[in-house]
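Here's the structure we're looking at; comments come further down.
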Amino acid sequence: MTEPAAEGRVETVGRLGDGADPDVWEVFREEKEGDPMRHAGNLRAPDAELAMHYAREFYSRRQESVRLWVVRRSDVHDLSDPDLLQPPLDRTFKKPGGYVMRDKLEQARRRAGEVDDR
């Protein structure tokens, strides 16, 4: 349970999803065309329209962004359960280190050397 903050406000740091303060909006920005969207910060606004105006003023007034995403914090879903984040099957073969190519390359070189010697 959160403790009331100064001036009667409720502290919402780190709260996401249901129960999050609906007046907090998370802002993501794209610095240059083709760059990934990155979290820029957050702001408080009573509705989406005002949140968009604030985001534009705070994060794009000097043309430092080409695109902004403004998302109500309560609409962000937190998925941090390790059981849900780990795949149920072993898929290490999809990782670059999943195959040990060194041994296969050595065998192929030996075979190629044997073919050249004949």
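For region 76-105, how many residues are touching a Leu at 6+ places or on another chain (Cβ under 9 Å) and modelled with pLDDT of 80 or more?
Residues of region 76-105 that are touching a Leu at 6+ places or on another chain (Cβ under 9 Å), as a first pass: 76-79, 85.
Those still in the list that are modelled with pLDDT of 80 or more too: 76-79.
Looking only at that region, the number is 4.
When both residues are 6+ apart or on different chains and their Cβ atoms are under 7 Å apart, which pairs have a first residue that lies in region 92-118 and is hydrophobic (A, V, I, L, M, F, W, C), and a second that is modelled with pLDDT under 65?
F93/Y99
What's the total number of residues in region 37-90 that are buried (at least 16 other Cβ atoms within 10 Å of the Cβ) and in a loop (DSSP other than H, G, I, E, B)?
Selection size over region 37-90: 2.
Restrict the check to region 13-24 and report whether at least one residue is modelled with pLDDT under 55 and of a type outside the set (A, V, I, L, M, F, W, C). Spell out the reasoning first.
From region 13-24, those modelled with pLDDT under 55 are 13-15; that's our starting set.
Of the ones still in play, those that are also of a type outside the set (A, V, I, L, M, F, W, C) are 14-15.
There is at least one residue in region 13-24 that is modelled with pLDDT under 55 and of a type outside the set (A, V, I, L, M, F, W, C).
The values are calculated or read from the model by the stated rules, or taken from the named source; none is laboratory data. Computed from a predicted structure; not experimentally measured. For neighbour counting, all protein chains shown are included, and Cβ atoms are generated from backbone atoms with ideal geometry for every residue, glycine included.
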